[in-house]
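Each remark here refers to the structure printed beneath this line.
The values are calculated or read from the model by the stated rules, or taken from the named source; none is laboratory data. Keep in mind that this is a model prediction, so the values were computed, not measured. Every residue, glycine as well, gets a Cβ built from its backbone with ideal geometry; the counts of neighbours run over all protein chains shown.
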Amino acid sequence: MKNIFLLICGLLLIFIYKSHAQSVTVESFTNPLEVSDLLGGDLQVDIKYTSQPGSPANNLYIGLEELDENNHFVRTIDEVSLENEPAGTDVSLSVNLFVGTIHPFSAELPNGHYYQVLARLYTNTWNELDNATFVDTPQLITQNTSPYNFTNFPVSKGADVSWMTEMESQGFTWQDNNGNSTELIPLLKDYNLDAVRLRVWVDPYNSPANGWCDIDDMVTKAQLAAAESMDVMVCIHFSDHWADPGQQNKPQAWNSFTVPQLETAVANHTTDILNALNAVNITPKWVQIGNETNDGMLWPTGKASTGGFTNYAGFLNAGTNAVKTFDSNIKTILHLSNGFDQSLYDWNIGGLINSGLDLSQIDIVGMSLYPEENNWKSLVDQTYNNMLHIQNTYNKDVMLVEIGFTNSRPDITYQLIVYAFEKTRQAQGKGVFYWEPIAYSPFTSYSKGAWDTDGSPSVAMDAFFDNSTLSNEEFNYEVEPQISIYPNPNSGIIKIDSFNINVSDYSIYDIHGKLLKKNKLNKKHTIDISNLKTGIYFLKISDTTFKILKQ
């Protein structure tokens, strides 16, 4: 009896300790999860944690992973890191994780594989205290019981690939996802793209562009597109370099021109472009007169917000008249950014009409859209509403001439493209163009491409296939070698999980690419970054590079 009493007391003490010790549990999550072929799925995960005694705050990591039949890590689907959450007992919080259509449904995973929600509790200096993994939580089931009926309306499917020739001159090459070397334009055609967009600057030899994207370079790329029977959109930046909402600088050679001289220069430059294309038997389908001219063009003379609306309208008239005089069948485009911002479009177009714009010479209002992870659905919806508004108010066709999304989330980029096409079709818009999907490091720091660093399209580009016939089952599911790091951001120890890949060395670089540290991974596959200063760094493991934030 004494032994039984001692055993009961011991178990009671353990229970009391556990009930008061630091802990984290996954309380609930959406299961099964419907993953729409249009929008993907949002997985709400509810967790509860208890802090260690005396803790000022806690950090947490919540993720969704694919595990194999041996409960080993395969890949991360989505993850969230939380910092400085309030300390306490039985603290509840919820996070949302995204599950895109690019991921197989549970029933389509390789035999024995499954999706698993996990949570990890840390001190506020990222020392792990407790975790909830496959031992503690049920498997997540993903499914799509109501497939979406996509709109069947013809639209152009395009990409701006103006960097192509410059990249190739630096040794960048292209390959398909089977590792076969190929030319870029035929590769885009294989992805069902039927149009390219090409920018042209006035005199890029007077700018950091170093001559790229002049008329001759644009014609070279247009010829490659025409050889594949692809349509061509010409985007004229009336500047020697970038023209966008933040800068619309006059070409150096035009700086001293009067307003009539500037109008003549716009007309002549536009005609020169069309003549150069005509000389190789190419007629562009569309011509943009200016790029993202939110506040006019050819600043300061044509800056709308500082009294330049009349001049801005005159410059547009000069450009559109030149196009229509050359060939009235070419469609002209007025292009503004932030397609979701109806007030911007009304201010710009309304101001132009009041300032003498010949609206009959403009065929299409072009839009840009560059959303973030937390607003891509709502901004596409607002852009759709603005499309309908422009059609009803100004009787003009509409088109998404630029879209882009962070290349760190190709799953969301895929879903964004799918959704942008669907809403454009619903609005009976003319097309969707992805801006420079071919961009990747180290050619550029621009981070919204849709390409992998081996020169092949990322899975995001699969969105250009016809979604009215493409099903989830048609994705070629092959588990590539995967590396996962956590937690990130971090102030101490980074942990590395890997699947189907040998990881032995790592390197840490600063934001300028300077090597700071290179070493062998220890047996625990952890890296101590506590001696780094607060800031952003790049961690390279095998051929994979991660951006890490040192707290």
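Somewhere in the stretch 128-141, is a residue farther than 29 Å from Gln52 by Cα and assigned to a loop (DSSP other than H, G, I, E, B)? Yes, the stretch 128-141 contains a residue that is farther than 29 Å from Gln52 by Cα and assigned to a loop (DSSP other than H, G, I, E, B).
For (1) closer than 20 Å to Leu187 by Cα; (2) among the aromatic types (Phe, Trp, Tyr); (3) buried (at least 21 other Cβ atoms within 10 Å of the Cβ); (4) modelled with pLDDT of 95 or more, each residue gets a yes or a no:
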{"position": "Gly431", "(1), (2), (3), (4)": "yes, no, yes, yes"}
{"position": "Asp452", "(1), (2), (3), (4)": "yes, no, no, no"}
{"position": "Met461", "(1), (2), (3), (4)": "yes, no, yes, yes"}
{"position": "Val479", "(1), (2), (3), (4)": "no, no, no, no"}
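If you filter the stretch 496-506 down to residues that are surrounded by fewer than 18 Cβ atoms within 10 Å (Cβ to Cβ) and more than 9 Å from Ser542 (Cα to Cα), you find that the one that is modelled with the highest pLDDT is Asp497. Considering only residues that are under 15 Å from Asp42 (Cα atoms) and either touching a Lys or Arg at 6+ places or on another chain (Cβ under 9 Å) or surrounded by fewer than 16 Cβ atoms within 10 Å (Cβ to Cβ) (or both), which ones fall in the stretch 137-153? Once the filter is applied, which keeps residues that are under 15 Å from Asp42 (Cα atoms) and either touching a Lys or Arg at 6+ places or on another chain (Cβ under 9 Å) or surrounded by fewer than 16 Cβ atoms within 10 Å (Cβ to Cβ) (or both), the stretch 137-153 yields Ile141, Gln143.
Condition check ((1) without any contact (Cβ under 8 Å) to a residue 24 or more places away in the chain; (2) buried (at least 19 other Cβ atoms within 10 Å of the Cβ); (3) under 26 Å from Ser441 (Cβ atoms); (4) among the hydroxyl-bearing types (Ser, Thr, Tyr)) across all residues:
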site	(1), (2), (3), (4)
Asp176	no, no, yes, no
Asn180	yes, no, yes, no
Leu188	no, yes, yes, no
Val196	no, yes, yes, no
Ser207	no, yes, yes, yes
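Looking only at the stretch 303-313, how many residues end up being crowded, with 22+ Cβ neighbours inside 10 Å and not aromatic (Phe, Trp, Tyr)? Number of matching residues: 4.
Each residue in the stretch 274-301 was checked for being within 32 Å of the chain's Cα centre (by Cα) and in a loop (DSSP other than H, G, I, E, B), and 12 pass. Being among the acidic types (Asp, Glu), surrounded by fewer than 17 Cβ atoms within 10 Å (Cβ to Cβ) and in the same structural domain as Tyr394 (by TED's automatic domain parsing) is a description that applies to Asp327.
Restricting to the stretch 168-217, name every residue that is closer than 24 Å to Val266 by Cβ, outside any loop (DSSP other than H, G, I, E, B) and aromatic (Phe, Trp, Tyr). Of everything in the stretch 168-217, just one residue is closer than 24 Å to Val266 by Cβ, outside any loop (DSSP other than H, G, I, E, B) and aromatic (Phe, Trp, Tyr), namely Tyr205.
So that you can scan it fast, the table gives a plain yes or no per residue for (1) in contact with a helix residue (DSSP H, G or I) (Cβ under 9 Å, 6 or more places away or on another chain); (2) of a type in the set (Asp, Glu):
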{"site": "Asn177", "(1), (2)": "yes, no"}
{"site": "Leu187", "(1), (2)": "no, no"}
{"site": "Asp203", "(1), (2)": "yes, yes"}
{"site": "Asp214", "(1), (2)": "yes, yes"}
{"site": "Met230", "(1), (2)": "yes, no"}
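When Ser239 is tested against (1) polar (S, T, N, Q); (2) crowded, with 20+ Cβ neighbours inside 10 Å; (3) assigned to a helix (DSSP H, G or I), just one condition goes unmet, and that condition is (3). Scanning the stretch 389-416 for residues being under 15 Å from Arg197 (Cβ atoms) and not in a loop (DSSP other than H, G, I, E, B) gives a total of 5. Take the conditions (1) without any contact (Cβ under 8 Å) to a residue 60 or more places away in the chain; (2) touching a helix residue (DSSP H, G or I) at 6+ places or on another chain (Cβ under 6 Å); (3) under 30 Å from Val99 (Cα atoms); Phe153 misses just one of them, which is (1).
Considering only the stretch 4-53, how many residues are at pLDDT 55 or above and not in a loop (DSSP other than H, G, I, E, B)?
Number satisfying all stated conditions: 21.
Looking across the stretch 79-111 at every residue that is free of Cβ contacts under 8 Å to residues at least 40 places away in the same chain and within 18 Å of Lys495 (Cβ to Cβ), the one that is nearest to the chain's Cα centre (by Cα) is identified as Val80. Looking at the stretch 249-259, is at least one residue assigned to a loop (DSSP other than H, G, I, E, B), touching a Phe, Trp or Tyr at 6+ places or on another chain (Cβ under 8 Å) and basic (Lys, Arg)? Yes, the stretch 249-259 has at least one match. Starting from residues that are of a type outside the set (S, T, N, Q) and either more than 21 Å from Ile364 (Cα to Cα) or assigned by TED's automatic domain parsing to the domain that holds Asp37 (or both), keep the ones in the stretch 389-418 and report whichever is farthest from the chain's Cα centre (by Cα). Here the answer is Val418.
Residues of the stretch 341-362 that are in contact with a Leu (Cβ under 9 Å, 6 or more places away or on another chain) and not small (Gly, Ala, Ser): Leu344, Tyr345, Asn348, Ile349, Leu352, Ile353, Leu357, Asp358, Leu359, Gln361, Ile362.
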